[in-house]
Amino acid sequence: MRQCIAQAQAASGRGEVPVGALIVDPATNQVLAQASNAPIGDNDPTAHAEIIALRRAAQKLGNYRLSGLTLYVTLEPCVMCAGALSHARIGRLVFGAYDKKGGAVENGVQFFKAATCHSKPDITGGVLADICGQLLKDFFKNRRALRNK
């Protein structure tokens with residue numbers, strides 16, 4: 001998760017919402033992909049850290065199925081990202097901060113509990129949640145301060 005936090009800090013430095021993600025093969029502990037949010041810089045509303053990491057891992061492995069892999073991310077995934085994780089068949093999801101507004105795992109639509117969900121990963125939430133959450137709070141506090149000047 002600390003590597004994800006570093007990715008989130010990099011996103012913040014580029015003016016992106018500070019979210020970082022990492023995909024690991026638990027059998028080898030090899031990091032297959034890492035990413036940070038980039039919708040603003042890429043002019044792409046789908047360029048969430050999770051989506052970018054999924055794309056990179058799939059390209060690296062030459063397979064769109066990422067069964068058995070673990071995705072770490074600093075923020076509870078949104079519905080778009082949860083859907084992508086399901087379609088990729090990610091084996092385990094570990095996230096940091098809970099997202100009461102936009103989260104879709106433990107909050108909101110609770111995507112993986114839906115009867116229509118294709119594949120549900122093992123889920124662990126709240127890992128280093130205070131640190132991950134503080135990154136977001138600081139980012140938006142600074143953004144509001146700049147807007148109010």
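The values are calculated or read from the model by the stated rules, or taken from the named source; none is laboratory data. Source: prediction; values computed, not measured. Please note: Cβ atoms are built from the backbone with ideal geometry, for glycine as well, and neighbour counts cover all protein chains shown. The protein model used for the area step is the full one, side chains on, heavy atoms only, and it has no ligands, DNA or RNA in it. Shrake-Rupley method; radii C 1.70, N 1.55, O 1.52, S 1.80 Å.
Contact map, region 57-83: residues that are aromatic (Phe, Trp, Tyr) paired with residues that are in a loop (DSSP other than H, G, I, E, B) and open to solvent by 10 Å² or more (accessible area, probe 1.4 Å), Cβ distance under 7 Å, separation 6+ or inter-chain. Pairs shown: Tyr72/Met1.
Looking at this structure, is Lys120 in a loop (DSSP other than H, G, I, E, B), open to solvent by 40 Å² or more (accessible area, probe 1.4 Å), more than 26 Å from Ser12 (Cα to Cα) and at pLDDT 95 or above? It is true that Lys120 is in a loop (DSSP other than H, G, I, E, B), open to solvent by 40 Å² or more (accessible area, probe 1.4 Å), more than 26 Å from Ser12 (Cα to Cα) and at pLDDT 95 or above. The single condition from (1) open to solvent by 10 Å² or more (accessible area, probe 1.4 Å); (2) without any contact (Cβ under 8 Å) to a residue 40 or more places away in the chain that Ser12 fails is (2).
Would you check if there is a residue in region 95-112 being closer than 19 Å to Asn37 by Cα, in contact with a Ser or Thr (Cβ under 6 Å, 6 or more places away or on another chain), crowded, with 16+ Cβ neighbours inside 10 Å and at pLDDT 95 or above? Yes, region 95-112 contains at least one residue that is closer than 19 Å to Asn37 by Cα, in contact with a Ser or Thr (Cβ under 6 Å, 6 or more places away or on another chain), crowded, with 16+ Cβ neighbours inside 10 Å and at pLDDT 95 or above.
When you scan region 42-53, do you find a residue that is surrounded by 14 or more Cβ atoms within 10 Å (Cβ to Cβ), touching a residue at least 60 places away in the same chain (Cβ under 8 Å) and not in a helix (DSSP H, G or I), even just one? No, the conditions are met nowhere in region 42-53.
Only a single criterion out of (1) open to solvent by 10 Å² or more (accessible area, probe 1.4 Å); (2) modelled with pLDDT of 95 or more is not satisfied by Ala115, namely (2). Exactly one residue out of Gly15, Gly103, Gly91, Gly68 is of a type outside the set (Lys, Arg) and either over 21 Å from Cys117 (Cβ atoms) or touching a His at 6+ places or on another chain (Cβ under 9 Å) (or both): that is Gly15. Which of the residues that make up region 27-41 are open to solvent by less than 70 Å² (accessible area, probe 1.4 Å) and either more than 21 Å from Gly103 (Cβ to Cβ) or not in a loop (DSSP other than H, G, I, E, B) (or both)? Residues satisfying the conditions are Val31, Leu32, Ala33, Ala35, Ser36, Pro39, Gly41. The lone criterion from (1) part of a loop (DSSP other than H, G, I, E, B); (2) open to solvent by 50 Å² or more (accessible area, probe 1.4 Å); (3) in contact (Cβ under 8 Å) with a residue 24 or more places away in the chain; (4) farther than 19 Å from Val31 by Cα left unmet by His87 is number (1). Restricting Val105, Val127, Val73, Val109 to those that are in contact with a Leu (Cβ under 8 Å, 6 or more places away or on another chain) and part of a loop (DSSP other than H, G, I, E, B) reduces the list to Val105.
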